[in-house]
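Input: a single structure, listed below in structure tokens.
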Amino acid sequence: INLFISCDGFGEIGEYQRTGFSTERFENNLNNLLNLIKNKPQFQEIQIIHVITAINVFDIFNFRNQLVDKFKLSDNVINFQFAKTPWYFSATSFSEEFKNNIYSFLNENLKDEFGNKFKEQINNFIYFLKNNKIENENLKQLDMAINLDSIRNTDIRKIAPWVVDDIWNRVKINISKVI
């Protein structure tokens, strides 16, 4: 039996990124699952699927550390996916200057003791960022995303202010110059 579990972050970041997600409920469920499958050889593999977005890009190592420290999982169980959509939450929409900040952050925090699969995936993400650029900057979609905060009573500026500063504000400024 192979288990694939989706989680994009803990605390405010995970709860912002996935409406209705509860860190406490997830942690309880994961603990219960790990206790249930302990010493049962039919459970061959667990993978935690983690989609890297502009929201959680600076939380990757915190996410990894929580899985390793709190749940005693190997960081090789993490399977990164890279968001391309929606474009306004994709790290590929960042400016080149800001992407350089991401590269520096990732390289400075990548440690030798991390698992090979984990390190390889971080390098794959860097390659992904360097070789992809989202051009679909639809202002109507962005306005809907901004309005979503008022509907959900959330504030992305508290969770990931860099998204607003680099992607959202830059796009709105660029589009307003064209209009």
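The values are calculated or read from the model by the stated rules, or taken from the named source; none is laboratory data. Just so we're clear, the structure is a prediction, and the values are computed from it rather than from any experiment. Counting neighbours? That spans all protein chains shown, and the Cβs are built from the backbone with ideal geometry, glycine included. In case anyone asks, the SASA skips ligands and DNA or RNA and just uses the protein heavy atoms, side chains included. Shrake-Rupley method; radii C 1.70, N 1.55, O 1.52, S 1.80 Å.
Listed peptides 62-75, 45-58 appear in the order 45-58, 62-75 once ranked by packing, highest mean of other Cβ atoms within 10 Å at the front. Counting only protein heavy atoms and a probe of 1.4 Å, the accessible surface of the chain is 49% carbon and sulfur. For the range 16-126, the relative contact order comes to 25 percent (Cα pairs under 8 Å, sequence separation of at least 6). Gly115 sits among other residues whose Cβ lies under 15 Å from its own Cβ, and their net charge, with Lys and Arg +1 and Asp and Glu -1, is -1. At 1.4 Å probe radius, can you tell me the per residue accessible area of the chain in Å²? On a per-residue basis, 55 Å².
Let me know the whole percent of all Cα-Cα pairs from the range 52-179 that are separated by more than 25 Å.
The calculated P(r) of the range 52-179 puts 31 percent of pairs beyond 25 Å.
Counting only alpha carbon atoms, the long axis of helix 169-178 and the longest principal axis of the chain meet at about 30°. Mean residue ellipticity, 222 nm, helices only, the chain: the sum of -39500 (n - 2.57) across DSSP H runs of n ≥ 4, divided by residue count and rounded to 500, is -16000 deg cm²/dmol.
Taking amide H as placed 1.01 Å from N in the peptide plane, the amide H of Phe80 sits under 5 Å from that of His50, each at least 5 places away or on another chain.
For the range 1-110, the alpha-carbon radius of gyration amounts to 1.15 times the rule-of-thumb value 2.2 N^0.38 Å expected for a compact globular protein.
Would you please put 157-166, 33-42, 85-94 in order of how densely packed they are, using the mean number of other Cβ atoms within 10 angstrom per residue and starting with the highest? Each step should come with its number before you reach the end.
Working: 157-166: 16.7, 33-42: 9.5, 85-94: 20.9.
Ranking, from highest mean packing down: 85-94, 157-166, 33-42.
Using the Cβ atoms and a cut-off under 12 Å, what net charge is assigned to the surroundings of Ile78, where Lys and Arg are +1 and Asp and Glu are -1? Around Ile78, the charge tally is 0.
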